[in-house]
Amino acid sequence: MDTNSYDRHLRIQEFKRAGTALVDGINFANVVATLLYDSGVKGWLKRVAHALLMGARVTSDSSATARHIVLYSARGKLRADYDYIVDRLMSIMAGKARLVEVRDSFSLLQPFRTLAGLMPAWPLVRGYKGTVMERLLCALLVSRARSALLPIAARELKGVETLVTFCDAHPIENLATQMANSKGVFTITNQHGQYRVLDHTNMSADAEAYANFQSDRMLAWGGATVREFEKAGIATSRLSVTGWIRLPRTAKVRATAAQPCFGVMFNGENGRESNANLLRAADKIAESLGLEYVVRLHPWSRAADYAGMVSARCVGLFHLSLEQYLCRVRFSLGHMSGAVVEVLDHGAPVYLLDDGCLASVFRLEGLSWPDADAILNVVEQDLNDPQAMIVRIEGLARWFNDAERQVDRLASALGLKDAAPSGIREVE
């Protein structure tokens, strides 16, 4: 339980509502919100360096005159799944949209620009109830946004009718969305993970997906996301269910009863306590079934940090692609990882441990259970009646990801007057 993260989240929301950072219709508290969740000296120094040293580099087809633009600022994260979402939208909007990409870029001038804007930014952060050092960081981030990002948004939005962003919680995309809204430009953003309402047991910057939702419309994966945003007080009319825009695959990878082990899917490091609970449950299940298990680490987790927590039943802790992982396991034990939706989409069995920190979006009948004994009981039932298990998994998969007729639904949600270009096929 991270009460510090929850307290920080509440202070960030209060900062937004205070309105002290509102300038010409843009609330810079929203712009920098996702950058204020880092804690500790290391996190503070990282963000200060970002504010002082990083300008922004723009790649855009300046010759294009399209009235729709797609703004993307995550290409530098080297996430093929993120890149695919934007590339897929551009293919559907072929000839009707211009792609604008913004990347952080080292700048010798940015320290001077950020520091020159520090004093004007200081009064804007008076609504942020943090320490002097936290407010200093916030002011530096606001100054950097005003000097490096604001001119980009103002330039790229000229003559635009529709703005599509990858994630309107990311700083430049948030700023551009706010500016576009003030100009009457229709704004659309994308879901790029399983969003869920968080609380004091599991708070992280992921909460900004709904707490910082600025666009007129979101392209949502399924009913689960619509329900979560409704819980957060957001009108369901602002969400268009179009399904998960995901990389194509050759075939679904399904678990088989012949596999000698099951898998454990880790959360990120903000869910370290729950990762430990998963390992304890895995040991009990493995012992009862006479199986071994393999751990699929989160991309940012280190095997060495967990090696001392596993029993002899664990055959390894690895960084694996989902396909590599599913080929090795009979079923999966999980928690709050976005990979849960991917596993369901493959039709593979997954059982979630509700240890008190599980987000409500995953607390569903047939998906989560309170302890290892309850999970073990269901696993044994599924081994005896695999057809009932398949029906249950298919229903859960549709709840999280309703991608039927995705191309047509995307074209409609994007406001295209004509159907998507011919030759754009559904993803299998």
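The values are calculated or read from the model by the stated rules, or taken from the named source; none is laboratory data. As the structure is a computational prediction, the values presented were derived from the model and not from experiment. Note that we place each Cβ from the backbone using ideal geometry, even for glycine, and neighbour counts take in every protein chain shown.
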**Asked** Can you name the residue in region 281-313 that is in a strand (DSSP E or B) and not charged (D, E, K, R) and, of all such residues, is farthest from the chain's Cα centre (by Cα)?
**Response** Tyr293
**Request:** Could you grab the pairs with beta carbons closer than 6 Å, sequence gap of 6+ or different chains, first residue in region 180-194 and in the same structural domain as Ser215 (by TED's automatic domain parsing) and over 17 Å from Ala211 (Cα atoms), second one among the acidic types (Asp, Glu) and in a loop (DSSP other than H, G, I, E, B)?
**Result:** Phe186/Asp216
**Item:** Lone qualifier among Asn190, Asn202 - being surrounded by 22 or more Cβ atoms within 10 Å (Cβ to Cβ) and at pLDDT 95 or above
**Value:** Asn190
**Message:** Pairs please, first residue from region 214-237 and more than 23 Å from Met179 (Cβ to Cβ), second anywhere and acidic (Asp, Glu) and buried (at least 19 other Cβ atoms within 10 Å of the Cβ), Cβ atoms under 7 Å, 6+ apart in sequence or on different chains.
**Reply:** Gly222/Asp402; Gly223/Asp402
**Item:** helices (runs of 4 or more DSSP H) fully within region 104-175 counting 3 or more residues that are touching a residue at least 24 places away in the same chain (Cβ under 8 Å) and of a type in the set (A, V, I, L, M, F, W, C)
**Value:** 132-144, 150-156
**Request:** Could you please find all residues in region 314-341 being closer than 14 Å to Leu367 by Cα and either in a helix (DSSP H, G or I) or aromatic (Phe, Trp, Tyr) (or both)?
**Result:** Phe331, Ala339, Val340, Val341
**Item:** Unmet requirement for Asp38, which otherwise passes all of (1) free of Cβ contacts under 8 Å to residues at least 12 places away in the same chain; (2) outside any loop (DSSP other than H, G, I, E, B)
**Value:** (2)
**Item:** Residues (of a type outside the set (A, V, I, L, M, F, W, C), in a helix (DSSP H, G or I) and closer than 17 Å to Arg392 by Cα) located in region 342-362
**Value:** Glu342, Asp345
**Item:** Only listed residue being of a type outside the set (Lys, Arg), surrounded by fewer than 16 Cβ atoms within 10 Å (Cβ to Cβ) and out of contact with any Cys (no Cβ under 7 Å at 6 or more places or on another chain), chosen from Ala286, Ala304, Ala359, Ala282
**Value:** Ala304
**Item:** Ile92 vs. criteria out of contact with any Phe, Trp or Tyr (no Cβ under 7 Å at 6 or more places or on another chain) and in contact (Cβ under 8 Å) with a residue 24 or more places away in the chain
**Value:** yes
**Request:** Select, from Ser91, Ser39, Ser73, the only residue that is over 17 Å from the mean Cα position of the chain (by Cα) and under 30 Å from Ala139 (Cβ atoms).
**Result:** Ser39
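Yes or no, residue by residue, for (1) under 29 Å from Ala413 (Cα atoms); (2) modelled with pLDDT under 95; (3) buried (at least 21 other Cβ atoms within 10 Å of the Cβ); (4) in contact with a Ser or Thr (Cβ under 7 Å, 6 or more places away or on another chain):
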| residue | (1), (2), (3), (4) |
| --- | --- |
| Met133 | no, no, no, no |
| Ala139 | no, no, yes, no |
| Asp168 | yes, no, yes, yes |
| Val185 | yes, no, no, yes |
| Tyr195 | yes, yes, yes, yes |
**Request:** Could you list all residues from region 374-428 that are over 22 Å from Ala339 (Cβ atoms) and at pLDDT below 90?
**Result:** Gly415, Leu416, Lys417, Asp418, Ala419, Ala420, Pro421, Ser422, Gly423, Ile424, Arg425, Glu426
**Request:** Determine if region 56-64 includes at least one residue that is buried (at least 19 other Cβ atoms within 10 Å of the Cβ), among the aliphatic types (A, V, I, L, M) and assigned by TED's automatic domain parsing to the domain that holds Leu109.
**Result:** yes
